[in-house]
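The values are calculated or read from the model by the stated rules, or taken from the named source; none is laboratory data. In this text the structure is predicted, and so the values were computed from the model without any measurement. Don't worry about glycine lacking a Cβ; one is built from the backbone with ideal geometry, like all the others, and counts go over all protein chains shown. In case anyone asks, the SASA skips ligands and DNA or RNA and just uses the protein heavy atoms, side chains included. Shrake-Rupley method; radii C 1.70, N 1.55, O 1.52, S 1.80 Å.
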Amino acid sequence: MSSQLQGANALTMAINSGALAGGSTASQFTNAAAINYAINGRFFNRGIIASQALVIEPNTGIVPTAPNTLQSIPAGRACAFAVILDSAGAFTVAQGDIVEAGSLCPVPQAPAGKAIVGAIKVNNASGSAFVPGTTAFNVGGGVTTTYINLAQHPGASV
């Protein structure tokens with residue numbers, strides 16, 4: 001009797017924490033530990049990288065008229081970015097819906113054939129917009145960034 005999982009049912013997950021944190025460039029992130037992960041049952045490894053820019057996951061975006069564009073987080077608002085890896089070890093992020101500051105933030109799904117390995121939650125209680133990829137994650141003054149290591153999509157907001 002075979003118990004093989006196929007297609008969408010095959011294992012896709014991070015096997016260990018990548019120790020996500022702020023990158024050596026303040027508007028970027030790092031994985032301070034190598035990440036072992038599986039996509040559709042196959043193992044992959046992403047080595048440590050000092051600084052990774054926020055590259056949007058193709059064909060995503062929260063504004064239908066501006067696909068493939070990360071949106072600024074206005075003052076008094078928050079959102080989460082899903083950190084995604086593909087089988088080549090390339091990082092991308094998908095931006096979740098922008099909500100009230102201090103609220104739980106929805107985490108977007110990863111496309112088929114890719115694995116979510118974490119989330120970056122930005123809470124902007126400052127007096128100006130947070131511009132993804134430009135504004136420093138550690139800017140302070142009301143901007144709080146939380147790095148969340150995940151084995152897979154959390155199934156809920158963070």
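Annotations
- Among (1) more than 12 Å from the chain's Cα centre (by Cα); (2) modelled with pLDDT of 95 or more; (3) under 15 Å from A26 (Cα atoms), the one test that T146 misses: (1)
- Qualifying residue in the range 72-79 (condition: open to solvent by less than 50 Å² (accessible area, probe 1.4 Å), over 16 Å from N123 (Cβ atoms), touching a residue at least 40 places away in the same chain (Cβ under 8 Å) and assigned to a strand (DSSP E or B)): no
- Residue list for the range 33-57, filter: over 18 Å from A136 (Cα atoms) and in a loop (DSSP other than H, G, I, E, B): A33, A34, N40, G41, G47, I48, E57
- Top-ranked residue of the range 128-155 - restricted to ones that are in a loop (DSSP other than H, G, I, E, B) and closer than 19 Å to S17 by Cα, ranked as most open to solvent (accessible area, probe 1.4 Å): Q152
- Hey, T12 β-branched (V, I, T) and within 15 Å of F81 (Cα to Cα) or not: no
- Residues in the range 113-127 that are modelled with pLDDT of 95 or more and open to solvent by 30 Å² or more (accessible area, probe 1.4 Å): G113, K114, K121, N123.
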